[in-house]
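Since the structure comes first, as structure tokens, the remarks are kept for the end.
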Amino acid sequence: VLPVSFRHLILPEKYPPHTELLDLQPMPAAAVGAEWAPLFARRFAAFNPVQTQVFQTLFHGDGNALVCAPAGSGKTALAELAVLRMLEAHGDAGKCVYLAPLDALADERYADWRRS
């Protein structure tokens, strides 16, 4: 047993502020380019507000991102944007890990990506 002191522990704010959702024009699915647009266009014509706000960071940037949003808000499409960015930047040499809370969800995504 190793005692650990919490005397000088600095805790974050109890409820840190969330990122405000900006009032942006919806980003069209075609914004990913002609090669990738059909992957999104068959599901929707434009990205939703959460996806639109994060689009530039994931599809045109190389930084890390953590997206926390409610169920059904389009986080999977955002993960797909990041994967497409990786493929554009590194081609077949790139590697990616997709995490899902349930095996069934990961299997469903894998099957969908194999069809695409």
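The values are calculated or read from the model by the stated rules, or taken from the named source; none is laboratory data. Predicted model only: the values in this text are computed from it and were never measured. Methodologically, a virtual Cβ is constructed for each residue, glycine included, from the backbone with ideal geometry; neighbour enumeration extends over all protein chains shown.
See the values below:
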| read-out | value |
| --- | --- |
| Tally, over segment 81-108, of residues that are out of contact with any helix residue (DSSP H, G or I) (no Cβ under 7 Å at 6 or more places or on another chain) and surrounded by 12 or more Cβ atoms within 10 Å (Cβ to Cβ) | 7 |
| All positions within segment 33-54 that are touching a helix residue (DSSP H, G or I) at 6+ places or on another chain (Cβ under 8 Å), surrounded by 15 or more Cβ atoms within 10 Å (Cβ to Cβ) and closer than 21 Å to residue 112 by Cα | 36, 39, 40, 46, 47, 51 |
| Test: residue in segment 60-81 that is in contact with a strand residue (DSSP E or B) (Cβ under 8 Å, 6 or more places away or on another chain) and either modelled with pLDDT of 90 or more or of a type in the set (A, V, I, L, M, F, W, C) (or both) | no |
